[in-house]
1. Report, by residue number, each residue of segment A:133-173 that is assigned to a helix (DSSP H, G or I), among the aliphatic types (A, V, I, L, M) and in contact with a strand residue (DSSP E or B) (Cβ under 9 Å, 6 or more places away or on another chain).
2. Could we say that B:Gly243 is of a type in the set (Gly, Ala, Ser), in a helix (DSSP H, G or I) and within 18 Å of B:Glu395 (Cβ to Cβ) here?
3. Condition (residue is under 25 Å from B:Asp103 (Cβ atoms) and either in a helix (DSSP H, G or I) or modelled with pLDDT of 95 or more (or both)) applied to segment B:220-234: is it met by at least one residue?
4. Looking at B:Tyr573, is it surrounded by 12 or more Cβ atoms within 10 Å (Cβ to Cβ) and part of a loop (DSSP other than H, G, I, E, B)?
5. Going through B:Gly558, B:Gly519, B:Gly506, B:Gly478 one at a time, which residue ends up being on the phi > 0 side of the Ramachandran plot and loosely packed, with under 15 Cβ neighbours inside 10 Å?
6. Please go through (1) under 37 Å from the mean Cα position of the chain (by Cα); (2) over 19 Å from B:Cys158 (Cα atoms); (3) at pLDDT 95 or above for B:Val58 and return the number of the only condition it doesn't satisfy.
7. Of the residues in segment A:61-84, how many are crowded, with 18+ Cβ neighbours inside 10 Å and either closer than 21 Å to A:Gly135 by Cβ or within 11 Å of chain B (Cβ to nearest Cβ) (or both)?
8. Surrounded by fewer than 17 Cβ atoms within 10 Å (Cβ to Cβ), in contact with a helix residue (DSSP H, G or I) (Cβ under 6 Å, 6 or more places away or on another chain) and part of a helix (DSSP H, G or I): which single residue out of B:Asp401, B:Asp318 fits that description?
Amino acid sequence: MSCQCSGGCGAAGDSEKFAELDRFITELLSRGEPPERRRGNLIQILHRAQHIFGYLPEEVQKFVAERLDLPRAEIYGVISFYSYFTDQPVGRYKINVCTGTACFVKGAPKVLDEFKRQLNIREGESTPDGKFFLGALRCVGACSLAPVVMVNERVYGNMTADKVAGILAECTD
Amino acid sequence: MDINLTINGQPVSVKAGSTILEAAEKLDIRIPTLCHLKMDCFHVDHRSASCRVCVVEVKGRPNLAPACSTPVAEGMEVKTNSLRAINARRTMLDLLLSDHPKDCLICPKNLHCQLQSLAQELGLHQLLFKGEQSTYNRDLSSNAIARDLDKCIMCRRCETACNTIQTVGVLSAVGRGFQAVVAPAGLKPLAETECVFCGQCVQACPVGALSEIDCKYPVWRALNDPTKTVVVQTAPAVRVAIGECFGMEPGSISTGKLVHALQMLGFDKVFDTDWAADLTIMEETTELIERIKKNEKLPILTSCCPGWVKFLEHQFPDLIYMPSSAKSPQQMFGAIAKSYYAQKIGVEPKDMVVVSVMPCLSKKYEASREEFSHDGVRDVDIVISTRELADMIREAGIRFDQLEDRPYDSPLGESTGAAVIFGATGGVLEAALRTAADWITGEDVKAIDFEAVRGLEGIKEATVKVGDLELRAAVCSGLGNARKLLERIRRGEAHYHAIEIMACPGGCLNGGGQPYHGGDETILAKRLEALYRADRDLPIRKSHENPSIQKIYEEFLGEPGSHAAHKLLHTTYTPRKN
């Protein structure tokens, strides 16, 4: 299946990605549930789809809707409800600044502002080159290190605005 | 098994599985509702219980219970009007209104809004909560349905209409919390979706969040333009519903008053879509008989309903060869008015304005389809709904209910009983059967009441003996029912010669442009009965016996299915990407 979405879900390798998603859905549905209970698999499928594609473009939403025989609008409704899901491409380096109470009082807003300034994007956006995503989240459970920043799986503690440039420089492909 | 309970101290027995609301109805105790929508005739039971306006007190239960969705239990003691229930109901309404515009005076649903009538019913005259209000851009992208989401109360009745009943699947709740809104996938404007503009969401919406795109003003302008000849056509289902807008009993047949009112508004000629319905039957039945003879492209599907046609183009592009190529009556009328009739009266097509009065919002979309205009001149220029016409009549100060009957103008105003039943599910097929029976047998068949295809049921089947032929036919109304039947056909499990499909449950009498029925199915049953009464009362009840139709074939079109007929009266369909 070739992708026709204007967002451009990566062009090369899309057919393999769809094939992988297709196998996952087929396996889930082969458990013999009655058709009316198939919708129960939706969130699990969206999780896998986002893992495979990095985000949930329109073409992927359509594909899932057709496989589960659900209205397209309903798939979009679910995606829009959960903040974890996104229909926009996300940068490879996912920078999340914790703005939970402890981090907030220890200066997280200044750190977040510095990331915004240096990357020239707003919170929740990705850089046009697809390298960085900038987000804020609430409490990662490392309050003793406040303020905390996560870059993909890695945690940086005792953050200050001065350290932002260094962290960005560490992110090399 | 019956369940015994008391409501406000009165004992009542109801079937197990009934709700508190149903038990209260049996006692004639009114519990206000808002998000609830139940129409047994279409198997609709929308009880999202999201508005909480119907909460009642149940003894022994700590929380108040929503009456619309709480099943009864043996020995239950319900109080609908305790202070706690009343206070809760008022609070709910107050909160709903805190995020709802108060511009009722200029709202398209003014006086037809269920939130407005609830405020009146509960006697709410001051608001305690002043909160933030949602603001969205209005979606006026389509030329059929307007979305004003500032007014949405998240009852989600439109979603049930779109997704469950029609299976079009365009509307869903998007986002969460205060930002939640009902919208198409990707928050796209309606015009960019697979919406078929049936308008069942508009009928379902209790407030002004969904309404029609208003085209009254262009009609007023045309009527007051001395350089234009303005002709109007009225669809079959309009005449049995418009009276409701003027306090007449549902099911009143106001054909003559309708004509009179349109003349008073200043239309140069008042014609009838029923005339074009007879013409449709000539073309469609010719095609049906031809396909049966050749045993190809069966079943033939009707093509009068633009909502259904667009649904097919999106959802069943592989079956696109099945519908009759005959245009809908609205478009046949437009094509003939701007050719045959324009020539007859010596008016240039560009100086003629064809206005349609339709029970339908999808007809607004249909008239704008590319294939229905030539050199920038549309066959049908402006489409207004039954409701919009009622507004115009009121604005002009015409006392509709007091008017004397007047007949349609000639020649595009003469019609038959076969045409008037186009307004009900099953009517188009019955009309075609009446003509097919005569044409196939070569006789004047007397048994022309095909009862098996009448009624509001979603899927009806009939086998009709026509000469030597056992003609197998089916009738569907509501796109969810159409989907079920078409999937069976696609799998080779069902075999018919002819199928009539209408997008709206019950057919055009329940169209998206009809007076709001607010979920009252008795109104629809009365409109249905009125259409068949109108049929019985007409002197001619077969389309091919319409003298004005016979004349246009003699003078202008030749034979049904001729080259000239094909050029003017037939069309093609386009598979659409989803």
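The values are calculated or read from the model by the stated rules, or taken from the named source; none is laboratory data. The model shown is predicted, which means the values in this text are computed figures rather than measured ones. Cβ sites come from the backbone with ideal geometry, for glycine too, and all protein chains shown count toward neighbours.
1. A:Leu145, A:Val164, A:Ile167, A:Leu168
2. yes
3. Within segment B:220-234, one or more residues are under 25 Å from B:Asp103 (Cβ atoms) and either in a helix (DSSP H, G or I) or modelled with pLDDT of 95 or more (or both).
4. yes
5. B:Gly558
6. (1)
7. Summing the residues that are crowded, with 18+ Cβ neighbours inside 10 Å and either closer than 21 Å to A:Gly135 by Cβ or within 11 Å of chain B (Cβ to nearest Cβ) (or both) in segment A:61-84 gives 13.
8. B:Asp401
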